[in-house]
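The values are calculated or read from the model by the stated rules, or taken from the named source; none is laboratory data. Because the structure is predicted, anything quoted here is derived from the model rather than measured. As a convention, Cβ positions derive from the backbone with ideal geometry for all residues, glycine included, and neighbour counts pool all protein chains shown.
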């Protein structure tokens, strides 16, 4: 079948194209594609999402109608049905799934007018309430942690933003790990948060609060989280080698997606420990930067910190903590660094302690809201010690 490339800048254009693709009346939709030349894709394809994640390596993920709608229906079965607010770019899988859930439920999604701001979010939430008759229809939305943090900050002095957060039956938060401090703030505000885990290859979030959605299976192989179920992508467009390496079959023929994430499963509940490949060797010792970042984000004032690797003359590689200057840290930079180093030493070991704290005017992010780790590393390397 044919593939039609769409920029994704206009969410209403994406909604029309996705609806046609899912109904089988239109061509498959290509989102984020650099090469917009017409091409053929496998039958049953609804959307091809080109994404680089945080690694900078592009990959075009082929998602079928069956996979996308399976994810939407499993979400409704877990958290309930209702009306959805699109607050994320429609060109990324989390935003795309908001549209698919709306299509499957037979409801028109509400969309933010213009750029994401707390005020625009609050206005959209009010529009949803008036359109659906106040509380008669449950409302849902999906955010990334940076958006949630911005809303919580605004809610401290803008009651309308706090009311908007509390108006949703559930707010799905994914795309990256949600710092515990931000989660606690959201609960204190009265927001009902569901932490999600998934990727473009799983049609978005497929594990909610550590528990897989109906039909989704999890396993660990050499510490790597692997996922099976009806939400899996068909593979990567025009890249059979990557598809074969990433989607593997076991002896029973079950198809598993290798996430590249480290994790543990306790009593059926998944806890993700970070990327297997986000590891440095410092002084001859392997250190997971994701694990270091998780600990650092638990330090008051560092909930939005990013931890990246830099060359180090003594250790070969070392980690640094990066924050935006606008975070208004409550203690001195030295005190924050000391607190973070102490927390990391207690939780992981002295060998994993970050060597410094770097403040930037702005911490680079991708359009998905995730930290742009390569851009952050480059900025750190240009910052004087």
Quiz item: Take the residues of the range 15-27 that are in contact (Cβ under 8 Å) with a residue 24 or more places away in the chain and in a loop (DSSP other than H, G, I, E, B): which is surrounded by the fewest Cβ atoms within 10 Å (Cβ to Cβ)?
Solution: 24
Exercise. For the range 162-185, enumerate the residues that are crowded, with 24+ Cβ neighbours inside 10 Å, touching a strand residue (DSSP E or B) at 6+ places or on another chain (Cβ under 9 Å) and assigned to a helix (DSSP H, G or I).
Key: 165
Practice problem: Of the conditions (1) closer than 21 Å to residue 86 by Cβ; (2) assigned to a loop (DSSP other than H, G, I, E, B); (3) touching a helix residue (DSSP H, G or I) at 6+ places or on another chain (Cβ under 7 Å), residue 232 clears all except one; give me its number. | Solution: (1)
Quiz prompt | Exclusive hit being out of contact with any helix residue (DSSP H, G or I) (no Cβ under 8 Å at 6 or more places or on another chain) and either crowded, with 20+ Cβ neighbours inside 10 Å or touching a residue at least 12 places away in the same chain (Cβ under 8 Å) (or both), set 372, 346, 361 | solution = 372
Quiz item: Do we have any residue at all in the range 314-324 that's surrounded by fewer than 20 Cβ atoms within 10 Å (Cβ to Cβ), more than 27 Å from the chain's Cα centre (by Cα), in contact (Cβ under 8 Å) with a residue 12 or more places away in the chain and on the phi > 0 side of the Ramachandran plot?
Solution: yes
Quiz item: Which is in contact with a strand residue (DSSP E or B) (Cβ under 7 Å, 6 or more places away or on another chain), in the same structural domain as residue 322 (by TED's automatic domain parsing) and modelled with pLDDT of 90 or more, of 228, 233, 305, 271?
Solution: 305
Quiz item: Given the conditions (1) part of a helix (DSSP H, G or I); (2) closer than 24 Å to residue 116 by Cα, and given that residue 295 satisfies all but one, which numbered condition is not satisfied?
Solution: (2)
Quiz item: Out of curiosity, is residue 47 part of a strand (DSSP E or B), within 25 Å of residue 275 (Cα to Cα) and assigned by TED's automatic domain parsing to the domain that holds residue 114?
Solution: no
Self-check item: Failed item in (1) on the phi < 0 side of the Ramachandran plot; (2) without any contact (Cβ under 8 Å) to a residue 40 or more places away in the chain; (3) touching a helix residue (DSSP H, G or I) at 6+ places or on another chain (Cβ under 7 Å), with residue 126 passing the rest
Solution: (3)
Exercise. With respect to residue 146, determine if the residue is assigned by TED's automatic domain parsing to the domain that holds residue 118, farther than 18 Å from residue 116 by Cα, modelled with pLDDT under 90 and surrounded by fewer than 23 Cβ atoms within 10 Å (Cβ to Cβ).
Key: no
Practice problem: Please find, among 30, 8, the residue that is part of a loop (DSSP other than H, G, I, E, B), under 23 Å from the mean Cα position of the chain (by Cα) and surrounded by 17 or more Cβ atoms within 10 Å (Cβ to Cβ). | Solution: 8
Exercise. Collect the residues in the range 196-225 that are surrounded by fewer than 17 Cβ atoms within 10 Å (Cβ to Cβ) and either assigned to a strand (DSSP E or B) or at pLDDT below 95 (or both), keeping them in residue-number order.
Key: 211, 217, 219, 220, 221, 222, 223, 224
